[in-house]
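A quick write-up on the structure given underneath.
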Amino acid sequence: MRQDTNYAYAVGRIRVLEKSLLKNSDYETLIDASEESFAAMLPAGNETRFTDTVREVMKFAPEPEVLSVFLLPADYGNAKICVKSIAGRSEVSGDMPALSRGGSLPPEMIWDAVRTGQRGKLDSGMFRAIMQAVEELSVSGSARKADMILDRVCFINMRELVNKGCYFTRRFMNRYLDIYADWTNILTAERIAAGGGEEQLFKAAYLRGSIPAKEFVDNIAAGKRAYAGTPYAEYIDSLRSGINALQPGDNAGDERIDNVTLEKIADVFMAQFLAENNSDPYRINALTAYLGALKLETQNLRIITVGRRSGTNKDTIRSLLRQTGRAYYN
């Protein structure tokens, strides 16, 4: 069967799944619901729902390995936890820390590699990154720098996965990863600038997107916003007044945007990109848009669940919610 025919079948199945995505009104209902009603309305197995869905979609996707980009961050997240878990311990027992099962690899495989220093069945690139992170943490004591090593290699692996696809898949998914990297770099640079502007630290954290590292470094050195002069600056300025999380700056008339606000703007930008590219029934675009939307939905449901359990004010819960997955569709 030709690939475009395969995608037509896969996209047809995705169109059915899209109908179950929650709307803003559904979130409002969940926030206001009684405890009994909330438990009944919460999707079954929400903690593993996203991972289970990715794996299910991979079964009928023509290029399943490309969709592993949605699972890989959980693998590297587990690696971060394992590296920190053995830090400063002369002897490491077999007791595995609490790890996510939302990745592409069994967490036991990652834990054994970190604990024993033996690669086992791990990818060689991931194993090298883990060993580098272990060494960085033992030498510098900086968990942040150790995390950066793993984040960068994770992103490199994501690029490698999407480049296994056909021409149209590579073109779309690399643009998707460019946007992902650009916004990650903006947020990272903002955090670093707020903490004193360590240029070398940003260079270590930089993910290769569409904006060169030098632009961010120059902005940090000049005391500017990290995104100043980038293609995203005008977009951020046009949206920030409509998002209710602005913080007054040090200078009169200077409105500082916190990272939560920037994350929300990043969600809107990605939502618009995916919505604009979601109509083709013969490409991977629709599968990516749906999984991206479901990931946001899972995050929002977690925010609501944790907020309710901790007695957080309803308006505060609302302010923390991310872009609704429904916005991924025209």
(request) Tell me which residues, restricted to the range 145-166, are modelled with pLDDT of 95 or more, over 15 Å from the mean Cα position of the chain (by Cα), not hydrophobic (A, V, I, L, M, F, W, C) and not in a loop (DSSP other than H, G, I, E, B). (result) E160
(message) Conditions first: (1) at pLDDT below 90; (2) under 26 Å from A10 (Cβ atoms). M270 passes all but one, so which condition is the exception?
(response) (1)
(message) Can you report the number of residues in the range 45-67 which are of a type in the set (S, T, N, Q) and farther than 22 Å from Y176 by Cα?
(response) 2
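What are the residues in the range 178-208 that are assigned to a loop (DSSP other than H, G, I, E, B), surrounded by fewer than 21 Cβ atoms within 10 Å (Cβ to Cβ) and at pLDDT 85 or above, if any?
Taking the range 178-208 and keeping what is assigned to a loop (DSSP other than H, G, I, E, B), we get 195-198, 206-208.
With surrounded by fewer than 21 Cβ atoms within 10 Å (Cβ to Cβ) added as a condition, the list becomes 195-198, 208.
The one that is assigned to a loop (DSSP other than H, G, I, E, B), surrounded by fewer than 21 Cβ atoms within 10 Å (Cβ to Cβ) and at pLDDT 85 or above: R208.
Just one of R15, R49, R119 is surrounded by fewer than 17 Cβ atoms within 10 Å (Cβ to Cβ), more than 30 Å from R308 (Cβ to Cβ), in contact (Cβ under 8 Å) with a residue 24 or more places away in the chain and not hydrophobic (A, V, I, L, M, F, W, C); which is it?
Residue meeting the stated conditions: R15.
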(message) Six or more apart or on different chains, Cβ atoms under 8 Å: show the pairs whose first residue is in the range 263-282 and within 21 Å of R240 (Cβ to Cβ) and crowded, with 16+ Cβ neighbours inside 10 Å and whose second is at pLDDT 90 or above and among the basic types (K, R).
(response) F273/R175
(message) Looking only at the range 122-143, filter to residues that are without any contact (Cβ under 8 Å) to a residue 40 or more places away in the chain and surrounded by 14 or more Cβ atoms within 10 Å (Cβ to Cβ); which one of those is nearest to E198 (Cα to Cα)?
(response) E136
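Find the residue count for the range 54-76, including only residues that are of a type in the set (K, R) and closer than 13 Å to G103 by Cβ.
Here is the first cut: in the range 54-76, the ones of a type in the set (K, R) are 55, 59.
Going one step further and asking which of them are closer than 13 Å to G103 by Cβ, we end up with 55.
Matching residues across the range 54-76 total 1.
The values are calculated or read from the model by the stated rules, or taken from the named source; none is laboratory data. Predicted model only: the values in this text are computed from it and were never measured. Note: ideal-geometry Cβ built from the backbone for every residue, glycine included; neighbour counts use all protein chains shown.
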